[in-house]
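Beneath this line is the structure, given in structure tokens, with notes to follow.
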Amino acid sequence: MATPPLNFMRNYKYFEIILALFVAVLLISNIASTKVVDFWKFSFDAGTLLFPLVYIFGDVLTEIYGYRQARKAIWVGFFSLFLLSAILYIVVLLPPAADWPYQDDFKNIFSLTPRIFLASLLAFLLGSVNNAWLMARIKKMTAGKFLWLRTIGSTIAGEAIDTAIFTLGAFLFIMPAGLLLTVMISNYIFKTGVEIVFTPITYKVIGFLRKKEIE
């Protein structure tokens, strides 16, 4: 019988923690996306405040545990997001208790949920898979050098796909065209900006995990 690959046999200490945080940030940011906010000169869905961390965790997963494990994490996030969408949709449809006065408020907030989450599912899947694949590809091309190049470069591409699919899928024909374009551009600038600003922290996290999980 062939010996399993070393990565298959390795008992990672922090993979489950990072995976849990990855999924938690994904779900929270998508719930927050039901509200559009103004921040300085930007207008964007509130989930944008937290969503860039999804890509940072994705970079960490790809860099430390490899593209295969990152892809598994993406699928776990995908099905978790699908489950959340389905449950909230069912809850909106269920008749409220006779003495519960908030059904209209609840429905107004989460009636967009199916559309937002369907857009989120496709955007997250395509954007995250592209981000992980490109990061792994750049790592191979640069022989493991220039971490900043692969974290930022993969995010620029992944976030472009994610932002375009999500914004159009969630808000097309709901928002005025001008606001839709503003939200799309603001989301993209904010998300990629956060990735760049957080690059030193990403370096430290990856350095810590490399010592604990690989060396």
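Computed from the coordinates by the stated procedures, all read-outs in this text should not be read as laboratory data. A quick note: this is a predicted structure, and the numbers were derived from the prediction, not measured. Here the Cβ positions follow ideal geometry from the backbone for every residue, glycine too, while neighbour counts run over all protein chains shown.
Could you list which residues have their amide H under 5 Å from that of residue 45, counting only those 5 or more apart in sequence or on another chain, with H placed in the peptide plane?
37
Compare 156, 165, 201 in a GNM of the chain, Cα atoms joined below 10 Å, and give the one with the largest fluctuation.
Of 156, 165, 201, the Gaussian network model singles out 201 as fluctuating most.
For a quick check: sort 154, 29 by the number of other beta carbons within 10 angstrom, fewest at the front.
Numbers: 154 25, 29 21.
Ascending Cβ contact count within 10 Å gives the list 29, 154.
Of all trypsin sites (Lys or Arg not before Pro) in region 127-163, which ones are in loop regions per DSSP and have a Cβ with at most 11 other Cβ atoms within 10 Å? Don't skip to the answer; put the middle values down first.
Working: sites: 137, 139, 140, 145, 150; in loops: 145.
In loop regions of region 127-163 (DSSP not H, G, I, E or B), the sparsely surrounded trypsin sites (Lys or Arg not before Pro) are 145.
Given the options 106, 79, 44, state which has the largest fluctuation in a GNM of the chain using a 10 Å cut-off (strictly under) for Cα springs.
106
In the structure displayed, which of 35/204; 35/145; 13/35; 139/191; 140/191 lie more than 29 Å apart, Cα to Cα? Walk me through the numbers on the way to the answer.
On the way: 35/204 33 Å; 35/145 40 Å; 13/35 37 Å; 139/191 22 Å; 140/191 25 Å.
Over 29 Å apart, Cα to Cα: 35/204; 35/145; 13/35.
Highest GNM mean-square fluctuation, the chain, Cα pairs closer than 10 Å: which of 134, 21, 125?
Between 134, 21, 125, it is 21 that shows the largest mean-square fluctuation.
Quick check: Cα centre of region 17-49 to Cα centre of region 70-124, how many Å?
Using only Cα atoms, the two centres lie 14 Å from each other.
Using Cβ contacts closer than 10 Å as the measure, can you line up 141, 184 from fewest to most?
141, 184
On average, how much area does the Cα convex hull of the chain cover when viewed from any direction, in nm²?
Numbers: hull surface 59.8 nm².
Its average projected convex-hull area is 15.0 nm².
Let me have the 222 nm mean residue ellipticity of the chain computed from DSSP H runs of 4+ only, each contributing -39500 (n - 2.57), with the sum over all residues rounded to the nearest 500.
Helix contribution divided over all residues of the chain: -25500 deg cm²/dmol.
At 37 °C and 0.692 mPa s, what whole-number value in µm²/s does Stokes-Einstein give for the translational diffusion of region 93-215, with Rh from the Kirkwood sum over Cα pairs?
Values: Rh = 17.1 Å.
This corresponds to a translational diffusion coefficient of 192 µm²/s.
Taking the Cα atoms only, what angle lies between the long axis of helix 52-93 and the longest principal axis of the chain, rounded to 10 degrees?
20
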